[in-house]
Amino acid sequence: MSLLRTATHMAVASSVHGKVQRRQARRWAAADQAAAAQAPAPAPVAPPVPEPPHTPPAPTAPSGDDAMARKLGQLTQLGQLRAAGILTDAEFEAKKALILAG
């Protein structure tokens, strides 16, 4: 007999729990709608203005020391990128060849 009593108690508790959940959901939905109605409408957002394409300055004839220092700096950066795992060995070699050729 106690098993039936426990089942009855569980059924009642489950029913009450479901009703409470539905009532809370309705209250929260009403509160959300009221808050949305009171909130001012967001101002229209203007589309972003595209930036003009960046054109690198025309290369000037650097002196031998400046050109070598620039190449060494670029190669150092490439080495750091490869050590960090950003560049693969193949990408590193391709970029290195471009730097040394130019």
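Where a number appears in this text, it was derived from the coordinates with a stated rule and is not lab data. Nothing here was measured: the structure is a model prediction, and the numbers come from that model. For neighbour counting, all protein chains shown are included, and Cβ atoms are generated from backbone atoms with ideal geometry for every residue, glycine included.
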Could you list L87, L81, L3, L100 so that the one with the fewest beta carbons within 10 Å of its beta carbon is first and the one with the most is last?
L3, L100, L81, L87
Taking other Cβ within 10 Å of each residue's Cβ, how do V16, V45 sort, fewest first?
V45, V16
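Is any helix in the chain, taking whole DSSP H runs, at least 27 angstrom long along its axis by alpha carbon and on average at least -1.0 on the Kyte-Doolittle scale, and which ones? Kindly include the intermediate steps, with their values, before the conclusion.
Details: long enough: 2-38 (54 Å, -0.36); 64-83 (28 Å, -0.49).
Answer set is 2-38, 64-83.
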With a bin width of 5 angstrom, please list the P(r) values of the chain as percents of all Cα-Cα pairs, from the 0 bin to the one holding the largest distance.
2, 9, 8, 8, 7, 6, 5, 4, 4, 4, 6, 7, 7, 7, 6, 4, 3, 2, 1, 0, 0
Within 15 Å, Cβ to Cβ, of A25, how many net charges do the neighbouring residues add up to if Lys/Arg are +1 and Asp/Glu are -1?
+4
